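Since the structure comes first, as structure tokens, the remarks are kept for the end.
Derivation of every value follows stated rules applied to the coordinates shown; laboratory data play no part. The structure displayed is predicted, hence computed values, not measured ones. All Cβ positions, glycine included, derive from the backbone under ideal geometry; neighbour counts span all protein chains shown.
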Amino acid sequence: MHKLTSKPITIDCFEIDDYNKDLMLDKKDDPLQYDDVDLEVTSLIDFCEELRQKYLTTKDTRYWKELVRWLPESWLQTRTWTANYETILSICHQRRSHKLNEWSGIHTQVEDSFIQWARTLPYAQEFLFFDETTEQVL
């Protein structure tokens, strides 16, 4: 809990595995150059790291709140939750073809998607992915 300031903020703290610069607007159409975008991202990361350092030094919660405010959605966070096979079955059924890689991984063949993780559970084929089996049970 509250591990936001426990390690330095670097580019590795953000989800950039499927980041594609080619999807940016063409330089002719957009006055913002690619290098400018990289510079802005680097500046934001440096700014967040400065806020983290100031919080660690002063323990002033204003720095922590400002850090939380400025972190982008791609900030990687670790969460813990509890579920049973019924819940996981429902999630897998609903998100098997989801457009976000974190759920299905079908668009980029991400190996650490939720569906891929669920396949590693004991009895996953029998309880969660039984509709994918080719053999008919008599």
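In what order do C13, C48 fall by count of nearby beta-carbon atoms within 10 Å, going from fewest to most?
C13, C48
L100 to L121: extension gain in nm, 0.36 nm per residue of separation minus the Cα-Cα distance?
5.4 nm
With a Förster radius of 41 Å, plug the Cβ-Cβ distance of T10 and H93 into 1/(1 + (r/R0)^6) and report the FRET value to the nearest 0.05.
0.65
Among R95, R119, rank each residue by its count of other Cβ atoms within 10 Å, from fewest to most, as a rough exposure measure.
Ordered by Cβ neighbours within 10 Å, fewest first: R119, R95.
When L71, L121 are ordered from fewest to most other Cβ atoms inside 10 Å of their Cβ, what list results?
Listing L71, L121 from fewest to most nearby Cβ atoms yields L121, L71.
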